[in-house]
């Protein structure tokens, strides 16, 4: 069975383009330091066959390399692995969407009284500086002072609702959104602190 040819986009690089000269200028370094064993093995035959040429290139000055580059118009080609490019674009797009989603979530958390610690725990793509900027734009600085404990009856009800939400919902942020709707009279910071405190007590038993 013949080996399947990878989908590639070919770009002819001419002598008048800057990248043409740059490729030839870094060629000696690339020959000495291939990026992988696979690359070194694939080039082994050519390196041996043209060993004298590569040796001369390594000894040339930058001016002489530029002279050679100008005389080799059309002899240098760049090939782009299109499937790999598609995967990279998809990853970048996914990262961008995740960052935007986390920024929206962080803004919602700020509006509902979440602490910076809670925001960082739920929104990994948001930095401390991002939170500081959003708080400034929203006019909602960090709440200071000691948090008062919830009434015992409310605490027990909250923890029971939290357990129920977690059994129904896999996304933690969505759980807190629903919890905020159930207890609108309390800030997310107080709700979160109550839950974290209970989890710490359970783990210490």
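Using the Cα gyration tensor of the range 101-192, with a ≥ b ≥ c the square roots of its eigenvalues, what is the shape: rounded (a/c below 1.5), prolate (a/b larger than b/c) or oblate (neither)? Verdict is oblate for the range 101-192. For the peptides 143-154, 47-58, 101-112, residues were scored by their other Cβ atoms within 10 Å and the scores averaged per peptide; the highest-first order is 101-112, 47-58, 143-154. Exposure proxy for 90, 123, 99, 175: other Cβ atoms within 10 Å of each Cβ, ordered fewest to most, give 90, 99, 175, 123.
Please report 115, 187, 174 as a ranked list, fewest other C-beta atoms within 10 angstrom at the top and most at the bottom.
Ascending number of Cβ neighbours within 10 Å: 174, 187, 115.
Let's test the formula: R0 of 35 Å, r as the Cβ-Cβ distance of residue 121 and residue 7. What FRET efficiency results, to the nearest 0.05? Result of the calculation: an efficiency of 0.25.
Annotation for residue 49 and residue 160: the two label points, set 7 Å from Cα along the Cα-Cβ direction, are 8.0 nm apart.
Read the figures in this text as sums done on the coordinates, not as results from a lab. All values reported here derive from a predicted model rather than from experimental measurement. Ideal geometry is used to build each Cβ from the backbone, glycine not excepted, and the neighbour counts take in all protein chains shown.
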